[in-house]
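A quick write-up on the structure given underneath.
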Amino acid sequence: MEKDEDMLEIKVKYFTDIEPIKFIENKSDWYDLRAAEDVELKAGEFKLIKLGVGIKLPAGYEALVAPRSSTFKNFGILQANSVGVIDESYSGDNDQWMFPALAMRDTVIHKNDRICQFRILAHQPAHKIVTVEHLDATDRGGIGSTGKQ
């Protein structure tokens, strides 16, 4: 286990009285996020669901936000933008994180239900794009070429 002084500092502001963010050691590199409000959605409706937190990420880092593996099964919602990226500049006192939910069926989400998760990643390193005529690797045959089984 790393010492506290060796760890990145992540500052969290809570906008409401929800369960605090917890890191579950040896289980995952992701942190669960919870709905900060009760939400009722009809099939086809869209809503930005408040997550009740604002987070100050360290310089050079961003957060990747995605649904939990059980989110669709439990609530019938999809993350409307498929995946969310929150950079370190989204860190003002009013910058509450939200989950862009698209309901595929009528559903109710209660305050403190775990609906998504995030992890912190370093920005990708500096690089350059080089145009070439051929890629020097074996051709695998395109998307879906490995079959169904």
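The values are calculated or read from the model by the stated rules, or taken from the named source; none is laboratory data. Computed from a predicted structure; not experimentally measured. Reconstructed Cβ throughout: ideal geometry from the backbone, glycine too, with neighbour counts over all protein chains shown. The accessibility values were calculated without ligands, DNA or RNA, using every heavy atom of the protein model including side chains. Shrake-Rupley method; radii C 1.70, N 1.55, O 1.52, S 1.80 Å.
Need the C-alpha centroid separation for the stretch 90-139 versus the stretch 33-82, integer Å. Distance between centres, Cα-based: 11 Å.
For R68, the residues whose modelled amide H falls within less than 5 Å of its own, excluding neighbours fewer than 5 places apart on the same chain, are C116, Q117. Volume per residue for the chain equals 208 cubic angstrom (convex hull of Cα atoms). Per residue, the chain exposes 71 Å² of solvent-accessible protein surface, assessed with a 1.4 angstrom probe and all protein chains in place. Computed over the stretch 69-149, the P(r) tail beyond 15 angstrom holds 75 percent of alpha carbon pairs. Residues in the stretch 73-89 carry Karplus couplings, in order, of 4, 7, 10, x, 10, 10, 7, 4, 9, 6, 8, x, 10, 10, 8, 5, 7 Hz; the curve used is 6.51 cos²θ - 1.76 cosθ + 1.60 with θ = phi - 60°, and Gly or Pro positions show x.
Sorted by average packing, counted as other Cβ atoms within 10 angstrom per residue and highest first, what order do 72-80, 105-113, 133-141, 50-58 take? Provide the component values of the computation, followed by the final result.
Working: 72-80: 16.7, 105-113: 15.0, 133-141: 6.2, 50-58: 19.7.
Result, highest mean Cβ count within 10 Å first: 50-58, 72-80, 105-113, 133-141.
Rolling a 1.4 Å probe over the protein heavy atoms of the chain, with every protein chain left in place, gives an accessible area that is 50 percent carbon and sulfur. Working note: Karplus 6.51/-1.76/1.60 with θ = phi - 60° gives the stretch 125-134 the couplings x, 4, 7, 10, 9, 10, 7, 10, 7, 9 Hz, where Gly and Pro are set to x. With an 8 Å cut-off on Cα pairs and a minimum separation of 6 or more residues, tell me the relative contact order of the chain in percent. That works out to 30 percent.
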